[in-house]
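Please treat every number below as a calculation from the coordinates, not as lab data. Predicted, not measured: the structure shown is a model, and the values here were computed from it. Reconstructed Cβ throughout: ideal geometry from the backbone, glycine too, with neighbour counts over all protein chains shown.
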Amino acid sequence: MSTCPNCGREIHDEAKICPACGSEISLAEQPAPQVKPIPKLPRIPQDPLPERPERERKTNHLSTVLLLSAAVILFLLFVFWMKKV
């Protein structure tokens, strides 16, 4: 926003006539728009991800081993059943 050189009211930067007093605004009279700098916000430190307890890690490994063992057993049963048929 800029100001009218005649009455001092705020006008749009692209205005050619002041809506308050009606005076004509030339491009040479309009001051360059002032850009306000963006303030820098302080950085908030982020907490690292909490480590999982050792017991939880072991149960995850155990469940993975059990699941793979069951898959292998089922596969072998399927293969032996196909040989008999």
Original post:
When the chain is fully extended, how far beyond the present Cα-Cα distance does V79 get from R43, taking 0.36 nm per residue of separation?
Top reply: 6.9 nm
**OP:** Report the label-to-label distance for V72 and S23 in nanometres (one decimal), using points 7 Å from each Cα along the Cα→Cβ vector.
**Re:** 9.2 nm
